[in-house]
1. What lysines could a cross-link reach from K43, if we take a straight Cα to Cα line under 22 Å and drop same-chain neighbours fewer than 8 places away?
2. More than 19 angstrom separation, counting every C-alpha pair in the range 2-71; what % is that?
3. What length, rounded to one decimal in nm, is gained on full extension from T61 through to E36, with 0.36 nm per residue of separation minus their alpha-carbon distance?
4. Restricting the count to DSSP beta bridges whose residues both fall in the chain, what percent are antiparallel, rounded to a multiple of 5?
5. What list of ³J(HN,Hα) couplings, whole Hz, do you get for the range 58-73 from phi and the Karplus terms 6.51, -1.76, 1.60, once you set θ to phi - 60° and write x for glycine and proline?
6. Given points 7 Å out from each Cα along the Cα-Cβ axis, report the I71 to H45 separation in nanometres with one decimal.
Amino acid sequence: MNKILFFAGLQEKMGTEFIEIDAAGQSVKQLKEYIEKEYSLSKVHESMAAINEEFAPAEETIKENDTIAFIPPVSGG
């Protein structure tokens, strides 16, 4: 199983801080596509991804027990 963390606006739209699903073997891009479709979270594709607290590119493969975080872009001044 993998713990998927959501931050800021993504967390608000999901209504929870995290979910647990089996994402091992998928790329970060594939996981984003799954979450967008399954949970209607359209903004997830714009977010940065981190695996085990290290930023991860879209082609990075998720392993068993990895924790994945989705962090949306922030703005401010």
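No lab work stands behind these numbers, since they all come straight from the coordinates. Computed from a predicted structure; not experimentally measured. Methodologically, a virtual Cβ is constructed for each residue, glycine included, from the backbone with ideal geometry; neighbour enumeration extends over all protein chains shown.
1. Output for K43: K3, K13, K29, K32.
2. 18
3. Numbers: separation 25, 0.36 × 25 = 9.00 nm, distance 1.80 nm.
Full extension from T61 to E36 adds 7.2 nm.
4. Restricted to the chain, the bridges split so that about 75 percent are antiparallel.
5. Those phi angles translate into 4, 8, 4, 8, 7, 10, 4, 6, 5, 9, 10, 10, 10, 10, x, x Hz.
6. 2.3
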